[in-house]
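K.L.:
Here it is: the structure, laid out below.
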Amino acid sequence: MLDGLPVVRDAFARTVRLVSTADRRPSVLRALVDEADLAALAEIEGATSARLMAEDHGLESVAANELVFGVPHARFINAAFAYARPRELNRFNGPGRAAWYAALDVETCLDEVAFHMTGFLGRTGEYRAVVEYVELHASLAGEFLDLRAAADHPSLAPGPAAYARGNALAEAVRTRGLNGIIYPSVRRPGGTCIAALWPHAVQSVAQGAYWRMTWAGEARPMVERI
């Protein structure tokens, strides 16, 4: 599967990932309970949170001892791997195990996120939404499969049919013990993305700027830094 594809040892001091600010808000149930009920609330959240379940005893495709603890923003790192979409593949992860997707610049992140959110809204039949995101910066280093000179690789085709090839490639990368895949952005010409396939590969996470995307009836959103 990896024959003929280059493996590089590289380091990126500052990559960018965008996550919805909804992921940074306290539980919507918290305002409904008093201090005496917080333990019960935590138990409810623990029973339904894929991240908490993964941290406690692992999931089918994510072992608890793979996850990170005691580092800044550990919950965001762990959540990136625990919250897969059971009914859908992503480019380099399947329904049971997600990945940390990032880019070398925020413009590439914005185009990637906007593409997928626009597709979701299109399936609902109405391009109307306001979504806010926050940058998470992280350093990534180690050995990676490098597809930057292989834009015609089958895993990088624009449509979801390429995702099965990408998933098989990611499995081969993990089996070899590489940290992830560097690849040209499919949504922004000239952009570079990285899929980190192990939690320990994501280092020194810090929060960056906030962004708002507004869809007001058109497929292309208005994007503003807030």
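K.L.:
Taking the condition touching a residue at least 60 places away in the same chain (Cβ under 8 Å), touching a helix residue (DSSP H, G or I) at 6+ places or on another chain (Cβ under 6 Å) and either part of a loop (DSSP other than H, G, I, E, B) or within 13 Å of residue 213 (Cβ to Cβ) (or both), does residue 113 pass? Outline the logic, then answer.
P.N.:
Working: touching a residue at least 60 places away in the same chain (Cβ under 8 Å): yes; touching a helix residue (DSSP H, G or I) at 6+ places or on another chain (Cβ under 6 Å): no; either part of a loop (DSSP other than H, G, I, E, B) or within 13 Å of residue 213 (Cβ to Cβ) (or both): yes.
Against the criterion (touching a residue at least 60 places away in the same chain (Cβ under 8 Å), touching a helix residue (DSSP H, G or I) at 6+ places or on another chain (Cβ under 6 Å) and either part of a loop (DSSP other than H, G, I, E, B) or within 13 Å of residue 213 (Cβ to Cβ) (or both)), residue 113 does not qualify.
K.L.:
Here's something else I'd like to know. If I ask for residues that are within 30 Å of residue 143 (Cβ to Cβ) and exposed (fewer than 14 other Cβ atoms within 10 Å of the Cβ), which ones from the range 205-226 would you list?
P.N.:
Pass one, the range 205-226, residues within 30 Å of residue 143 (Cβ to Cβ): 205-208.
The answer is 206, and nothing else.
K.L.:
Here is a follow-up. Residues that are in a strand (DSSP E or B), touching a strand residue (DSSP E or B) at 6+ places or on another chain (Cβ under 9 Å) and surrounded by 19 or more Cβ atoms within 10 Å (Cβ to Cβ): does the range 147-159 have at least one?
P.N.:
Start the filter on the range 147-159 by keeping residues that are in a strand (DSSP E or B), which leaves none.
For the range 147-159, residues in a strand (DSSP E or B), touching a strand residue (DSSP E or B) at 6+ places or on another chain (Cβ under 9 Å) and surrounded by 19 or more Cβ atoms within 10 Å (Cβ to Cβ): absent.
K.L.:
Any residue in the range 203-218 that's within 13 Å of residue 76 (Cβ to Cβ): show its pairings with residues that are surrounded by fewer than 14 Cβ atoms within 10 Å (Cβ to Cβ) at Cβ separation under 6 Å, as long as the two are six or more apart or on different chains.
P.N.:
Between residues of the range 203-218 that are within 13 Å of residue 76 (Cβ to Cβ) and residues that are surrounded by fewer than 14 Cβ atoms within 10 Å (Cβ to Cβ), the close pairs are 205/72.
K.L.:
Please go through the range 82-132 and give me each residue that is under 29 Å from residue 63 (Cα atoms), modelled with pLDDT of 95 or more and not charged (D, E, K, R), ordered by number.
P.N.:
Correct list: 92, 99, 100, 101, 102, 103, 104, 109, 113.
K.L.:
Consider the range 116-146. How many of its residues are assigned to a strand (DSSP E or B) and of a type in the set (Val, Ile, Thr)? Don't jump to the end; show me each part of the working.
P.N.:
Of the residues in the range 116-146, the ones assigned to a strand (DSSP E or B) are 128-146.
Then keep just the ones that are of a type in the set (Val, Ile, Thr); that gives 130-131, 134.
So the answer is 3.
K.L.:
Within the range 2-29, restricting attention to residues that are closer than 23 Å to residue 173 by Cβ and part of a loop (DSSP other than H, G, I, E, B), which residue is modelled with the lowest pLDDT?
P.N.:
Taking the candidates together, the pick is 3.
K.L.:
Moving to a separate point now. Out of all the residues in the range 98-115, which are under 18 Å from residue 165 (Cα atoms), surrounded by fewer than 23 Cβ atoms within 10 Å (Cβ to Cβ) and not hydroxyl-bearing (Ser, Thr, Tyr)? Steps first, please.
P.N.:
First, pick out the residues of the range 98-115 that are under 18 Å from residue 165 (Cα atoms): 98-99, 101.
Next, only the ones that are surrounded by fewer than 23 Cβ atoms within 10 Å (Cβ to Cβ) stay: 98, 101.
98, the sole residue that qualifies.
K.L.:
Residues that are on the phi < 0 side of the Ramachandran plot, loosely packed, with under 14 Cβ neighbours inside 10 Å, at pLDDT 95 or above and in a loop (DSSP other than H, G, I, E, B): does the range 32-41 have at least one? Even if it seems obvious, please write down each step before you answer.
P.N.:
Taking the range 32-41 and keeping what is on the phi < 0 side of the Ramachandran plot, we get 32-41.
Now restrict to residues that are loosely packed, with under 14 Cβ neighbours inside 10 Å: 32, 34-40.
Narrowing further to those that are at pLDDT 95 or above: none.
Checked against the condition, which is being on the phi < 0 side of the Ramachandran plot, loosely packed, with under 14 Cβ neighbours inside 10 Å, at pLDDT 95 or above and in a loop (DSSP other than H, G, I, E, B), the range 32-41 yields no hits at all.
The values are calculated or read from the model by the stated rules, or taken from the named source; none is laboratory data. From a predicted model like this one, the values you see are computed outputs, not experimental measurements. Glycine also receives a Cβ, built like all others from the backbone with ideal geometry; neighbour counts cover every protein chain displayed.
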